[in-house]
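The values are calculated or read from the model by the stated rules, or taken from the named source; none is laboratory data. Note that the structure is predicted; figures quoted are calculated from it, not measured. Virtual Cβ from ideal backbone geometry, glycine too; neighbours counted across all protein chains shown.
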Amino acid sequence: MRILSYTKSFALACIIFCAAKTMAQQQPNVIVIYTDDQGAIDLNCYGSKDLETPNIDRLAKSGTMFTNFYASPVCSPSRASLLTGLNPQRAGLPGNASELNDAVGMPSDRFTMAEMFKKAGYATAHIGKWHLGYKPEMRPNAQGFDHSFGHMVGCIDNYSHFFYWNGPNKHDLYRNGKEVYYPGQFFPDLMLKEAGQFMTTSKNKPFFMYFAINLPHYPYQGDPKWLEYYKNKGLAYPRNLYAAFMSTLDDKVGQLLKQLADLGLTENTIIVFQSDNGYSTEERAHFGGGNAGNLRGAKACLFEGGIKVPSIISWPGKVPAGQVREQFAVNTDWFPTLAAYCNIKLEREDLDGKSLVGVINSASAPTAHEQGYCWAFGKDMWAARKGKWKLMGNPVDKSNKAELTKEDALFLVDLESDPSEMKNIANIYPDKVDELKKQYQDWQKNNKK
């Protein structure tokens, strides 16, 4: 009797263990690939005619890509919004984290996507760029990431891993809070090695990996084969340098996807791909190189070229393949969307992001942001969007596509008839100006609470 009882107990324990393991394996892994300063159309699948991006294009074909997807105009606010599901003001980081003042960063009390996944039993990793704060309580390991490897500041040289800005020059490469040194090794390759190790050790349980690759952010350091390729293609400076870096980025994404496939994890992994903001026109970016097509603006402004970004989601057999969605969406939306796909209950209901599951499933579904959306950046730049209408306050055009005058302090556009935002029609539609101005003012009051 004792032997029989023990046998039954052992069998029951095995069933429970196997069932638990199966359930864990059934929970999808999640990889968020976040690129850096990528132009709005800088992929073949988004309309580029002079780039080679076959790996990211295949990712788009395997999933659903968005053509009206938005983020913040610069790096830190965009990343804060992604990881919290809150707009930058509510996330506590409306501008870039400062390398000169370590008090400026995302507050440690913000609940992050990594913390959400960790509470749900996921292994979590940050690999790549951080740029959300430098105090210990603001760093990745204090924000829900079990493992972290990368640079804390906004950019580094990819071979020396030094941050060059106002001096003195600073080495910036860390693993779990400890400074590490790999002089001469290409940083994206170090990222891939770290990602492969993390996925290998975590393959028997669900994992969340924030793969924040620092390409094509300056300094432009493309692979020699791509520098030679675009030289032979006759691309003009600085597009040739940027293009080589974009194709280098595509190679690295392809290698990451191969690592995933080699581990047999492709079918059970959600992949989100997105740029953090528009392309840069800064001096260290050679004053350009990226491409937003007919869109006005670039990084650090609220014209479309600064905040409209490529964005893709892929999950074989679960997310529609080869589909395009034209509904308005924002990077804050990934937080509740991924929670929904992974059956994780949200801890707060007042997120600025909205689940995109309905939109992803249907091209005819309404936008999740029917009440509109707002941005604020810098000292006094702002924008209010609702439907086809967009009102900007004190706009700046970093692409210098046209002159702005004092009369353009309030700049209204109809994005359906004027997607390039070249004509200010505020004087023609004063009622629409008043409506959107009130929308922004109400949003501003709510964000102060």
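Key figures for this structure:
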read-out	value
Single match in TYR174, TYR182 (criterion: on the phi < 0 side of the Ramachandran plot and touching a helix residue (DSSP H, G or I) at 6+ places or on another chain (Cβ under 8 Å))	TYR182
Unique match (being among the polar types (S, T, N, Q) and surrounded by 24 or more Cβ atoms within 10 Å (Cβ to Cβ)) among SER98, SER108, SER72, SER62	SER72
Checking ASP57 against (1) within 23 Å of GLY288 (Cβ to Cβ); (2) without any contact (Cβ under 8 Å) to a residue 40 or more places away in the chain; (3) acidic (Asp, Glu), the condition it does not meet	(1)
Inter-residue pairs, beta-carbon under 6 Å, first over 20 Å from GLN38 (Cβ atoms) and in segment 78-102, second crowded, with 19+ Cβ neighbours inside 10 Å and among the acidic types (Asp, Glu), 6+ apart	LEU86/ASP352; ASN87/ASP352
Failed item in (1) more than 16 Å from ILE31 (Cβ to Cβ); (2) buried (at least 17 other Cβ atoms within 10 Å of the Cβ), with PHE287 passing the rest	(2)
Filtered residue count, segment 164-187, keeping only those that are at pLDDT 95 or above and polar (S, T, N, Q)	2
All strands (runs of 3 or more DSSP E) inside segment 334-445 with 2 or more residues being in contact (Cβ under 8 Å) with a residue 60 or more places away in the chain and in contact with a helix residue (DSSP H, G or I) (Cβ under 9 Å, 6 or more places away or on another chain)	373-377, 381-386
Within segment 10-31, considering residues that are surrounded by fewer than 23 Cβ atoms within 10 Å (Cβ to Cβ) and touching a helix residue (DSSP H, G or I) at 6+ places or on another chain (Cβ under 9 Å), the one modelled with the lowest pLDDT	GLN25
Helices (runs of 4 or more DSSP H) (entirely within segment 167-286) containing at least 2 residues that are under 25 Å from the mean Cα position of the chain (by Cα) and either β-branched (Val, Ile, Thr) or assigned by TED's automatic domain parsing to the domain that holds GLY305 (or both)	187-202, 239-262
Residues satisfying the stated conditions in segment 254-280, i.e. within 23 Å of ILE307 (Cα to Cα) and surrounded by fewer than 24 Cβ atoms within 10 Å (Cβ to Cβ)	VAL272, PHE273, GLN274
Single unsatisfied condition, GLY305 versus (1) closer than 30 Å to LEU415 by Cα; (2) small (Gly, Ala, Ser); (3) part of a loop (DSSP other than H, G, I, E, B)	(3)
Scope segment 44-66; condition under 15 Å from the mean Cα position of the chain (by Cα) and under 28 Å from ASP350 (Cα atoms); matching residues	MET65, PHE66
